[in-house]
């Protein structure tokens, strides 16, 4: 049984396109919560206000030249304190609330350790939109998906026969957590590293999911070497479609009792 006197947390997402992606379950959770917190774009925030005029904004914790790690800690604290006070809390985040969203995961994990009910409802993410808009099925050749700066500063291995998605390429190379842009020089460092697996003339796509129904997705097809000269946004994503052919693992096939021709075309 749920202890009605004990606080709880449910995290929901608005999806990428307001009005099209938000689920009925998310709307229900927003309506019935004791307290609602929201971190979303301006259009989504105003929509939440129409449902819950008492919504608590989370964007107020951002400030110019402020370390985003501190901002996230303050957001997490605000949500957790409301649960500790005995409220049934709904926290709303842009897109899928668990994708590129540190605060929801941290808050849920902490509250669960403390014995509070805490869960997340799935939502539509930018990756879902990317697959639909670009017509690239991650199930056909596999998919490698990672944050651009993480790929750049750590030793990561790529497989060009699978699709590569590098998120937040418009912020690549910044370790200060204070900036919301990048530079051509940092983009060139990214290109140089990618050229360990690809050529400079490899075709890539800069993708941005449309936020409003009247908008079109950005699907700019470029050569990899031209990336440093592109105008990028915080939401810009770099996609490199699968290249070459898959190589047979003949030892594994033989162990399974098959031959390469058994795989078909």
Quiz item: Of all residues in segment 176-191, which are surrounded by fewer than 19 Cβ atoms within 10 Å (Cβ to Cβ) and either assigned to a loop (DSSP other than H, G, I, E, B) or without any contact (Cβ under 8 Å) to a residue 12 or more places away in the chain (or both)?
Solution: 176, 177, 178, 179, 180, 181, 183
Self-check item: Options 160, 117, 138; residue that is surrounded by 13 or more Cβ atoms within 10 Å (Cβ to Cβ) and either closer than 23 Å to residue 12 by Cβ or under 12 Å from the mean Cα position of the chain (by Cα) (or both)
Solution: 117
Exercise. Could you look through segment 24-55, keep only residues that are crowded, with 19+ Cβ neighbours inside 10 Å and in a loop (DSSP other than H, G, I, E, B), and pick out the one that is nearest to the chain's Cα centre (by Cα)?
Key: 40
Quiz prompt | One residue from 146, 163 being out of contact with any helix residue (DSSP H, G or I) (no Cβ under 9 Å at 6 or more places or on another chain) and either under 18 Å from residue 194 (Cβ atoms) or free of Cβ contacts under 8 Å to residues at least 60 places away in the same chain (or both) | solution = 146
Exercise. Give me a count of the residues in segment 63-72 that are under 20 Å from the mean Cα position of the chain (by Cα) and either surrounded by 15 or more Cβ atoms within 10 Å (Cβ to Cβ) or on the phi > 0 side of the Ramachandran plot (or both).
Key: 3
Quiz item: Does residue 104 satisfy the criteria of being more than 24 Å from residue 213 (Cα to Cα) and out of contact with any strand residue (DSSP E or B) (no Cβ under 8 Å at 6 or more places or on another chain)?
Solution: no
Quiz item: So which residues in segment 214-243 are in a loop (DSSP other than H, G, I, E, B) and surrounded by 10 or more Cβ atoms within 10 Å (Cβ to Cβ)?
Solution: 215, 217, 230, 232, 233, 234, 235, 236, 241, 242, 243
Exercise. Kindly indicate whether residue 85 is touching a strand residue (DSSP E or B) at 6+ places or on another chain (Cβ under 9 Å), surrounded by fewer than 18 Cβ atoms within 10 Å (Cβ to Cβ) and not assigned by TED's automatic domain parsing to the domain that holds residue 210.
Key: yes
Quiz item: If you scan segment 1-41, which residues turn out to be touching a helix residue (DSSP H, G or I) at 6+ places or on another chain (Cβ under 9 Å) and more than 23 Å from residue 80 (Cβ to Cβ)?
Solution: 15, 16, 17, 18, 19, 21, 22, 27
Quiz item: What number of residues within segment 3-23 are surrounded by fewer than 19 Cβ atoms within 10 Å (Cβ to Cβ), touching a strand residue (DSSP E or B) at 6+ places or on another chain (Cβ under 9 Å) and closer than 30 Å to residue 214 by Cα?
Solution: 1
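The values are calculated or read from the model by the stated rules, or taken from the named source; none is laboratory data. On a predicted model such as this, the values are computed, not experimentally measured, just so you know. Backbone-built Cβ (ideal geometry, glycine too); neighbour counts: all protein chains shown.
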